[in-house]
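Below: one structure, written as structure tokens.
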Amino acid sequence: MDAQTVAAEAQAIGGAGGDAAAPTFLDRLIEAGLLIPGGVLGLYGRSDIFEGIAERLNRMVLRLGQDHQAETLRFPPAMGQHDFETSEYLKSFPQLAGTIHSFCGDDRAHRRLLARIEDKQDWTDQQQPTGVVLTPAACYPIYPVMARRGPLPPEGKTINVMSYCYRHEPSLEPTRMQMFRQHEYVCLGSPQQIIAFRETWMVRGQDAVRALELPMEVDVANDPFFGRGGKIVADSQRELKLKFELLIPVNDGLPPTACLSFNYHMDHFGALWGIRCANGETAHTGCVGFGIERLTLALLKHHGLDPARWPQSVRDTLGGL
Ligand code: ZN
């Protein structure tokens, strides 16, 4: 995002030091110490209160999916470049991806690097790609793992996964962070198994958000596919109703924010990685994702910045806050 876009956005949400403007939700979060600015748009530290809410939401997600007997897997927020390439993420979302680079030179190159910094010049071209890419969505690391294990059991497979994810989307909307957590259940199996899984979670997700006493709506959605070709893919994703989002109003004067998503990937990932069902057919996959930061922010927005004053019913839903 360029400076102009950021300025326009700042104006749209009435913040970022607008002279006489009322403090935005982001301003209030920072003022209360819940978010700690990281010097870059969309990069924040979190206070213990913020983390306490996030942790309870994570536990709530685990409780909601208890009957799945899901296998829990945790990955660091990065994946190998080869698996990342296989995911074809760069085909659809090149604008969002983040890759890790590191200095790999000798003493002379090091002196050059330091001179660049000293001269306040760009020094980043003195680094090399490391072969490590930041995880773009929590479920991505599990597909290669499942493929390597061989055919799925006849009843399919459900995985619980939670990870920080990276998306290059610098923004003043607190709900659009560059690094944030997604807590997902991923289902791999036959089309019927995935459709049933998604229906279950669309009901469960709404029940959970209702219990948190948050306003919401569920709508068909599309991912932000890049470029002109991406528009066609996005239209077809909507037409086939492959993605639904549970939206909660969070940001001042802006459309509601997707806090949960319910995705049916058809055989996209199954085919890319060669994941097979027990009968040899290409596996279909789907996932339900809970945006942990977004749900935390929604709770803070609607119930106030002090969780001690939230309705008792909401605190009970979160397992005692
Ligand atoms: Zn997913």
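Computed from the coordinates by the stated procedures, all read-outs in this text should not be read as laboratory data. All values derive from a computational prediction rather than experimental measurement. All Cβ positions, even for glycine, are placed from backbone atoms using ideal geometry, and neighbour counts span all protein chains on display.
Points to keep in mind about this one:
- The mean of 1/r over all distinct Cα pairs in the chain, once inverted, gives the Kirkwood hydrodynamic radius of 21.3 Å.
- Selected from Ala283, Leu152, Ile195, residue furthest toward positive end of dipole (the chain; charges at beta carbon): Leu152
- Going from the residue with the fewest nearby Cβ atoms within 10 Å to the one with the most, Phe290, Phe50, Phe103, Phe93 rank Phe103, Phe93, Phe50, Phe290.
- Using a Förster distance of 41 Å, the FRET efficiency for Leu114-Arg228 (Cβ separation, nearest 0.05): 0.45
- In this simple spin-label approximation, Glu55 and Glu199 carry label points 7 Å from Cα along the Cα→Cβ vector, and these lie 3.9 nm apart.
- Net length available on complete extension from Ala21 to Met266 is 83.5 nm, with 0.36 nm assigned per residue and the Cα-Cα distance removed.
- A Förster radius of 51 Å, combined with the Cβ-Cβ distance separating Ile100 from Asp316, puts the computed FRET efficiency at roughly 0.75.
- If the chain linking Gln192 and Ala278 were pulled fully straight, counting 0.36 nm for each residue of separation and taking away their Cα-Cα distance, it would gain 29.5 nm.
- Label-point separation, Glu239 to Gln206 (7 Å along Cα→Cβ), nm: 2.6
- Legend: ranking of residues Thr200, Thr124, Thr285 from fewest to most surrounding C-beta atoms inside 10 Å; resulting order Thr124, Thr200, Thr285.
- Residues Ser102, Ser171, ranked from the fewest to the most other C-beta atoms within 10 Å, line up as Ser102, Ser171.
- Magnitude of the charge dipole for region 112-249, about its Cα centre and with charges confined to Cβ atoms of Lys, Arg (+1) and Asp, Glu (-1), is about 420 debye.
- Span-rule helices in the chain, defined as complete DSSP H runs reaching 20 Å or more along the axis (Cα) with Kyte mean at least 1.0: none
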